[in-house]
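Peer 1: A single structure is presented below for examination.
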Amino acid sequence: MYNRSVTCTVNGKKRTFMIDVRSSLSDMLRGEAGLDSIKHGCDVGECGACTVLIDGKPFNSCIYLAVWAEGKTILTLEGLSTTQGTISDIQQAFIDEGAVQCGFCTPGFIMASIPIIESDIPASRDEIKRQIAGNLCRCTGYEHIVDAIEKTQKKRIAERTR
Ligand code: FES
Ligand code: FES
């Protein structure tokens, strides 16, 4: 039952969705916007598979009500690629470092890593681990994920200081 409209900016485009007032943001973005990078893992805020950025900060979209997104700016994995379909450096680093196996957790990890790689303050490996602690992976053992984030962070800082 649709009983409420929500207008927000998703991946750079202003969108209006008709939603059930009880819907989660992950339901709205997957079901109404067709953004399949958002995974339903636990649906209770424990695994991070549904992580998106809301006004620049990572949130578990499964426990964020869609109505709270009114007026917000949302970024999902789909928003990282160019319109020509070229993937971003952090996505490429996950591939290059072997940080993707089944891939279920990958979009959530990448979205959780965006504030780290966009920061001008270098994060240690321990700090990277702390910042992605809300994301779970059953396949990779985490080291390759941290490698990919650390590599991209160093690359971005080097590019900004050139
Ligand atoms: S599906 Fe949202 S935290 Fe697990
Ligand atoms: S790559 Fe399979 S759950 Fe992380």
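The values are calculated or read from the model by the stated rules, or taken from the named source; none is laboratory data. The model shown is predicted, which means the values in this text are computed figures rather than measured ones. Heads up, the Cβs are rebuilt from the backbone with ideal geometry, glycines too, and the neighbour counts pull from every protein chain shown.
Peer 1: Considering only residues of the range 52-87 that are closer than 20 Å to residue 34 by Cβ, of a type in the set (Gly, Ala, Ser) and touching a residue at least 12 places away in the same chain (Cβ under 8 Å), which is surrounded by the most Cβ atoms within 10 Å (Cβ to Cβ)?
Peer 2: 61
Peer 1: Picking from 93, 99, 112, which residue would you name as being in the same structural domain as residue 153 (by TED's automatic domain parsing), within 16 Å of ligand 1 (Cβ to nearest atom) and over 18 Å from residue 34 (Cβ atoms)?
Peer 2: 112
Peer 1: Confirm whether residue 131 is outside the structural domain of residue 31 (by TED's automatic domain parsing) and away from ligand 1 (no atom under 16 Å from the Cβ).
Peer 2: It is false that residue 131 is outside the structural domain of residue 31 (by TED's automatic domain parsing) and away from ligand 1 (no atom under 16 Å from the Cβ).
Peer 1: Anything in the range 114-156 that is more than 16 Å from ligand 2 (Cβ to nearest atom), touching a residue at least 12 places away in the same chain (Cβ under 8 Å) and among the charged types (D, E, K, R)? List them, or say none.
Peer 2: 118, 120, 125, 150, 151, 154, 155, 156 - these are the residues of the range 114-156 that are more than 16 Å from ligand 2 (Cβ to nearest atom), touching a residue at least 12 places away in the same chain (Cβ under 8 Å) and among the charged types (D, E, K, R).
Peer 1: Another question, if that's okay. Residue 106 fails exactly one of the following numbered conditions: (1) of a type in the set (Val, Ile, Thr); (2) closer than 27 Å to residue 24 by Cα; (3) more than 16 Å from ligand 2 (Cβ to nearest atom). What is the number of that condition?
Peer 2: All conditions are met except number (3).
Peer 1: So which of 104, 94 is surrounded by 23 or more Cβ atoms within 10 Å (Cβ to Cβ) and under 16 Å from residue 140 (Cα atoms)?
Peer 2: Residue meeting the stated conditions: 94.
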